[in-house]
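The values are calculated or read from the model by the stated rules, or taken from the named source; none is laboratory data. These numbers were taken from a predicted model, which means no experiment stands behind them. Because the Cβ atoms are built from the backbone with ideal geometry, glycine has one as well, and the counts that use them run over all protein chains shown. Ligands, DNA and RNA are excluded from the accessible area calculation, which covers all protein heavy atoms including side chains. Shrake-Rupley method; radii C 1.70, N 1.55, O 1.52, S 1.80 Å.
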Amino acid sequence: METPPLFSVNQISNHSYTFFDFETTGFDPLDTDRIVEIAMIKVINGTIAERYETFINPQRNIPESASNVNHIYDNDVVNAPIFDRTMATELIRFIGDSILVAHNAPFDVGFLSMEMARCGINFTSWKFIDSLQIAQRLFPSTPNELVSLINRYNIQQKGDLHRAMVDTDALVDVFFNLIGENEVSGLSTPELIKLFGYNSTPENALEEFPEIIRTSLSGRTPLSCEYTKRTGEKVILNFQPISPVWHKGYWYLYAANRTGGYFFLCCQSMKNIEYLQNT
């Protein structure tokens, strides 16, 4: 399937992009929210090269509030695959060294990072461009949700919005229209990432963590700390670090509780971190 002529005349199109969208149970991947549907479209040199689409069993109920938006219900996902290491490996292969593109990308990348961490995978090497940030720069006085940009550019939808592949199909058209606007058309891909995205490397991920956590991650050494919860309650945690997790511009730590279960920890909320004794 060839993309419209607009793509081929823009120098930005000489790159590989993975456009993607998730439907989820809610808004907070650091709590209990999970992905229920994934769609990805790989565009190479202006041509759609590959697609990926699947429901995901979130291993929890889908709230009515989420179903009212995306029209995905528990019955739709009950027999769907779970997000496991096999799926994580498939997605990493699909993405490869391409540039991730999403509308409100920090939301989607946060969920992807969280799901990878649950599989024990350090998903710390990627780069993304957020089409929402580009739209907000170009059209600061108008609504910039995906449907508004679809209407602005007279893009024909291929189904109902708030389903992952329909949104992703529309995003491909929206993105290349956006970067064809005069204000940003002269920017290189690295400039677009710097201004409207994020470039993650294992090095800059680990920079966010104290040295003791970096060392512990490399050897999976158990730690202890005093931790302040969101409620303000202070507790002592004994845990084993598993993976860094990126969410909305910040790095968190996915860890196994030594007494059972898993959690996401904010480093700024950790004090008196030390190696766990008598393990």
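Side notes on the structure shown:
- Every pair of residues 6+ apart whose Cβ atoms lie under 6 Å, when the first sits in segment 148-171 and is farther than 21 Å from Ile38 by Cα and without any contact (Cβ under 8 Å) to a residue 60 or more places away in the chain while the second is of a type in the set (D, E, K, R) and part of a helix (DSSP H, G or I): Ile155/Asp173
- Only listed residue being among the hydroxyl-bearing types (Ser, Thr, Tyr), within 16 Å of Trp126 (Cβ to Cβ) and either open to solvent by less than 60 Å² (accessible area, probe 1.4 Å) or in contact with a strand residue (DSSP E or B) (Cβ under 6 Å, 6 or more places away or on another chain) (or both), chosen from Thr221, Thr189, Thr228: Thr189
- Among the residues of segment 196-234, those identified as modelled with pLDDT under 95, outside any loop (DSSP other than H, G, I, E, B) and within 30 Å of Tyr17 (Cα to Cα) are Pro202, Glu203, Asn204, Ala205, Leu206.
- Cross-chain or 6+ apart pairs with Cβ under 6 Å, segment 232-261 first and within 18 Å of Thr124 (Cβ to Cβ), then polar (S, T, N, Q): Pro241/Ser216; Ser243/Asn122; Pro244/Thr124; Val245/Ser113; Trp246/Ser113; Tyr254/Ser243
- Yes/no for Met114 being in a helix (DSSP H, G or I) and within 24 Å of Asp31 (Cβ to Cβ): yes
- Within segment 42-70, if we keep just the residues that are of a type in the set (Asp, Glu) and not in a helix (DSSP H, G or I), the residue that is least open to solvent (accessible area, probe 1.4 Å) turns out to be Glu50.
- Test result for Val235, touching a strand residue (DSSP E or B) at 6+ places or on another chain (Cβ under 8 Å) and open to solvent by 20 Å² or more (accessible area, probe 1.4 Å): yes
- Conditions (1) assigned to a helix (DSSP H, G or I); (2) under 26 Å from Val109 (Cβ atoms); (3) open to solvent by 40 Å² or more (accessible area, probe 1.4 Å); (4) of a type outside the set (Phe, Trp, Tyr): number failed by Gln240: (1)
Residue-wise test of (1) touching a Cys at 6+ places or on another chain (Cβ under 8 Å); (2) among the polar types (S, T, N, Q); (3) over 26 Å from Ile242 (Cβ atoms).
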| site | (1), (2), (3) |
| --- | --- |
| Val101 | no, no, yes |
| Ile121 | no, no, no |
| Ser125 | no, yes, no |
| Phe139 | no, no, yes |
| Pro143 | no, no, yes |
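- The set of residues in segment 251-269 that are surrounded by fewer than 17 Cβ atoms within 10 Å (Cβ to Cβ), within 19 Å of Arg34 (Cα to Cα) and among the hydroxyl-bearing types (Ser, Thr, Tyr) contains only Tyr262.
- Taking the numbered list (1) at pLDDT 95 or above; (2) farther than 28 Å from Pro143 by Cβ; (3) open to solvent by 30 Å² or more (accessible area, probe 1.4 Å); (4) not in a helix (DSSP H, G or I) in turn, Glu90 passes all entries but (4).
- Pairs are defined by a Cβ separation below 9 Å, a sequence spacing of at least 6 or placement on different chains, a first member in segment 187-215 that is over 15 Å from Gln133 (Cβ atoms), and a second member that is at pLDDT below 95 and acidic (Asp, Glu); the pairs so defined are Arg214/Glu207.
- Residues that are under 14 Å from Leu132 (Cβ atoms) and open to solvent by less than 30 Å² (accessible area, probe 1.4 Å), drawn from segment 149-167: Leu149, Ile150, Asp167
- Annotation: Glu181 fulfils all but one of (1) farther than 30 Å from Gln156 by Cα; (2) in contact with a helix residue (DSSP H, G or I) (Cβ under 7 Å, 6 or more places away or on another chain); (3) surrounded by fewer than 16 Cβ atoms within 10 Å (Cβ to Cβ); the unmet one is (1).
- Residues satisfying the stated conditions in segment 104-131, i.e. farther than 15 Å from Gly249 by Cα and either within 13 Å of the chain's Cα centre (by Cα) or free of Cβ contacts under 8 Å to residues at least 40 places away in the same chain (or both): Glu115, Met116, Ala117, Cys119
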